[in-house]
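Notes to accompany the following structure.
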Amino acid sequence: MCMCRFVSLCFLFFATLPAVAQASSSVPLAEHRTWLKLLHFDQTPFFEQPHSAVVDDRFFLSPEGKHNPSAELTATIVALEQTDPGDGSHASCRFPARAMWLAQQGVVQPVSAQCEKRDAWLRERQDHHVGVVFASGYMGNPASFFGHMMLHLGQPSPAQSSIQLLDTSLNFGADTQGDGIVPYILKGLFGGYQARYSNVPFFRNADIYSESEMRDMWHYQLNLTPADSAFFIAHLWEIMGQDFDYLFLSENCASRIARSLELVVDADLAASPMPWVAPEHVMIQLSNAQYQGQPLVQSRMHKPSRRYQTEHYFHQLSEVQQLALNAVWASPETLHFELPDFAELAPLQRAAILDVILSHLITLEEAESTLPINTLRQQALMARLRLPTSNPFEQPPAPQPIEQATPSLMARAGLVAASQRPTALRLSVRPMHYDILQSNNTRMPYAGLELFKLEADITQDGMRIHALDLLNVTNFNPRRTSLPEMGQMAWQMKLTVRNRHLACDDCLDTRAELNIGWSDYMNGWVPFALVGAQLRTTVHQEGVAALTLNTGFFRSWNDKQSSYLTLHHENGFQGSFSHNTELRLQHRLQLRREQDVRFHLASDRYGTEAGVSMSWYW
């Protein structure tokens, strides 16, 4: 029965597969695009010969296969023509996609081998559609700052319907061997890790990304033919558990998923304007790609994080209901449903409050709260069972999908007038990612992450560096409801080279700064207050260490405009040249997806400046 299933897949492949064309007589079979994609032959480093991204010797039938696709082709043909021993070790059991494609090319006969494990895996995914899942950025892991991608296999579903929790989710991730943060970053950037595809039910990854890490997820269903889907799924069987090269910036989940999909999609899905490949680059390429004259992406579905859902439900409660919820849960360790504020409400109003409580308990459980979650859940469930079962809430609105967000590569030009310096043309460039004035629910609200941002001023005296922000991360984590333990710590981390104060243009010093503190959400306003410490060079200032204070507010007025006011104080307690206080107001007006206008005013004890600039993104 299983063997018949594989033979039927081969027949479907031969009969209806236009995307994987017959090899042209002018192109040797070993150099055919499909064969090279089957081998993941996409590594072309400087000063080295091209080779496969797979580093696992089990993936190759020839000792030279990693560097020689012709040798691997010959070894594969020889292995497929061997008699089946019946124990699942035949080459077609390990490499069904290779067998399908070579039979379609007329090089070998369709193979009928006894392959119980292969056929069971393929049978479970019979007629499944291929999709991609994108998870928004996560500040708790450097490798996840820019989002994460997974492959998804499941039964076809109409747009905006639920993903089945038992669908297959294939995650490409590195084996970090429990390394600490320093070796983790060094190996991730320069090599030392290997990664592989893992195969688990979708609900397990949803539990990690959506429930535990509170990340929004998007499901993109791809418009592949049944033949291409079957061919691609057969190839996934070949590469499951195989070790691949891994680097944070270029050989990551995004680039490998893109290169894998290129087996059946004739497009450069890992194309990037920079030397690295970020998940959002691949999502843009996927969304723009054509497949047999139609868009590759057939539908998109948003799966909000548990925290986003809970906040949205809470704000649908009336003021009376919110006050009743606060009274019921005034003590985080217990629920007081006997209070009149709750007991006197109508049944549907009480049901809505209990639904919010139950949703928030899931959030707290995933956050490993020390509260008695099981006891609280039992109290809430017993009360909920006595009330109507209808759900009074509207689902959270879907934010813009990542491919429609403002791109991360930025160039900016503007004029800056200063009280103690000549007027300058300020040029800025940032290879990645976004600042807090661009933050929204698509990436991460009330947060910013900028890397390697360079600012230079041009005056009649020439060009000078104004600032180089190697790393600038802000995450305010405002408390947007009154639910227990909803707030998180606000924090900032900076590594920057910039002028010491506003009156000079040649007083660069390096600073490393970490601040932690408080933020809140007040009717659209996000006030914050953080304290921390700074280590710095002392070329133009005194005191190698300083204490810091950052306070102010952030306000998003609408999806086009936002403002950011900061008061920054630093004090090295080494005299007048060791401290300074700067007040800065910034405003952003988005003109279109790829363009905005910025205004800023700044003042410190030495001078003031004002500027206006235009930004372009791609």
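The values are calculated or read from the model by the stated rules, or taken from the named source; none is laboratory data. All of these numbers come straight from a predicted model, not from anything done at the bench. Cβ placement follows ideal geometry from the backbone for every residue including glycine, while neighbour counts extend to all protein chains displayed. Just so you know, the surface numbers come from the protein's heavy atoms only, side chains and all, with ligands and any DNA or RNA stripped out. Shrake-Rupley method; radii C 1.70, N 1.55, O 1.52, S 1.80 Å.
So for Leu153, Leu549, Leu415, what's the accessible-area order with a 1.4 Å probe, most first? Write down the numbers at each step before the final one.
Values: Leu153 0, Leu549 70, Leu415 100 Å².
Result of the area sort, largest leading: Leu415, Leu549, Leu153.
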- Item | Whole-number D in µm² s⁻¹ for the stretch 373-471, Kirkwood Cα-pair radius fed into Stokes-Einstein, 10 °C, 1.306 mPa s | 88
- Message: If R₀ is 25 angstrom, what is the calculated FRET efficiency for the pair His67 and Asp266, using the beta carbon separation as r and rounding to 0.05?
- Response: 0.50
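Could you give the Stokes-Einstein D for the stretch 267-409 in µm² per second, using the C-alpha Kirkwood radius, 25 °C, 0.890 mPa s?
134
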- Query: What FRET efficiency comes out for the pair Gln420/Trp557, r = Cβ-Cβ distance, R0 = 45 Å, nearest 0.05?
  - Reply: 0.90
- Query: What nm distance separates the two modelled labels at Gln460 and Leu323, each placed 7 Å from Cα along Cα→Cβ?
  - Reply: 6.7
- Item | Where the Cα pairs of the stretch 478-618 fall when distances are cut into 10 Å bins, in % | 11, 33, 34, 19, 3
- Query: Which entries of Lys303/Lys494; Lys66/Lys187; Lys117/Lys303 show an alpha-carbon separation above 25 angstrom in the structure shown?
  - Reply: Lys303/Lys494; Lys117/Lys303
- Message: Given the DSSP H assignment, sum -39500 (n - 2.57) over each helix run of at least 4 residues in the chain and divide by its residue total; what's the result at 222 nm in deg cm²/dmol, nearest 500?
- Response: -7500 deg cm²/dmol
- Item | Contour minus Cα-Cα distance for Asp57 and Val182 (0.36 nm per residue) | 42.0 nm
- Task: Please provide three numbers in whole Å: the alpha-carbon extents of the chain along the principal axes, with the largest listed first.
- Result: 85, 75, 43
- Can you bin the stretch 78-127 into rounded, prolate or oblate? Criterion: square roots of the alpha carbon gyration tensor eigenvalues sorted a ≥ b ≥ c, rounded for a/c under 1.5, prolate for a/b above b/c, oblate for the rest. oblate
- If the chain between Gln488 and Gln404 were fully extended at 0.36 nm per residue, the gain over the current Cα-Cα distance would be 27.4 nm
- Task: State which helices in the chain qualify, where a helix is a whole DSSP H run, it must extend 24 Å or more along its own axis by its Cα atoms, and its mean Kyte-Doolittle hydropathy must be at least -0.5.
- Result: 347-366
- Task: Pick out, in residue order, every one of the GluC sites (Glu not before Pro) in the stretch 337-398 that is DSSP loop and has at most 13 other C-beta atoms within 10 Å; say none if there are none.
- Result: Glu338, Glu344, Glu368, Glu394
- Residues whose modelled amide H sits under 5 Å from the amide H of Tyr138, counting only those 5 or more places away in sequence or on another chain, are Phe145, Phe146, Gly147
- Item | Full-extension gain in nm, Glu368 to Val107, via 0.36 nm per residue minus C-alpha separation | 88.3 nm
- Message: At q = 0.14, 0.24, 0.25 Å⁻¹, what log₁₀ I(q)/I(0) does the stretch 26-118 have when each alpha carbon counts as one equal point scatterer in the Debye sum?
- Response: -0.50, -1.29, -1.36
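Could you check how many percent of all C-alpha pairs in the stretch 244-312 are farther apart than 15 Å? Intermediate results must be reported in sequence, preceding the final value.
Working: 1393 of 2346 pairs.
Every Cα pair in the stretch 244-312 considered, those over 15 Å come to 59 percent.
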- Which order do peptides 208-221, 502-515, 172-185 fall in by mean Cβ count within 10 Å, highest first? 208-221, 502-515, 172-185
- Dimensionless Rg ratio for the stretch 400-532, taking C-alpha atoms and the 2.2 N^0.38 Å reference: 1.22
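To the nearest 0.05, what FRET efficiency results for Leu166 and Val544 with a Förster distance of 56 Å applied to their C-beta separation?
0.45
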- Note on the structure: Rounded to whole angstrom, the alpha-carbon centroid of the stretch 509-525 lies from that of the stretch 234-278 at a distance of 36
- Query: Out of every Cα pair in the stretch 314-386, what percent are spaced more than 18 Å from each other?
  - Reply: 32
- Quarter of Cα convex hull surface for the stretch 126-253, i.e. mean projection, nm²: 8.1
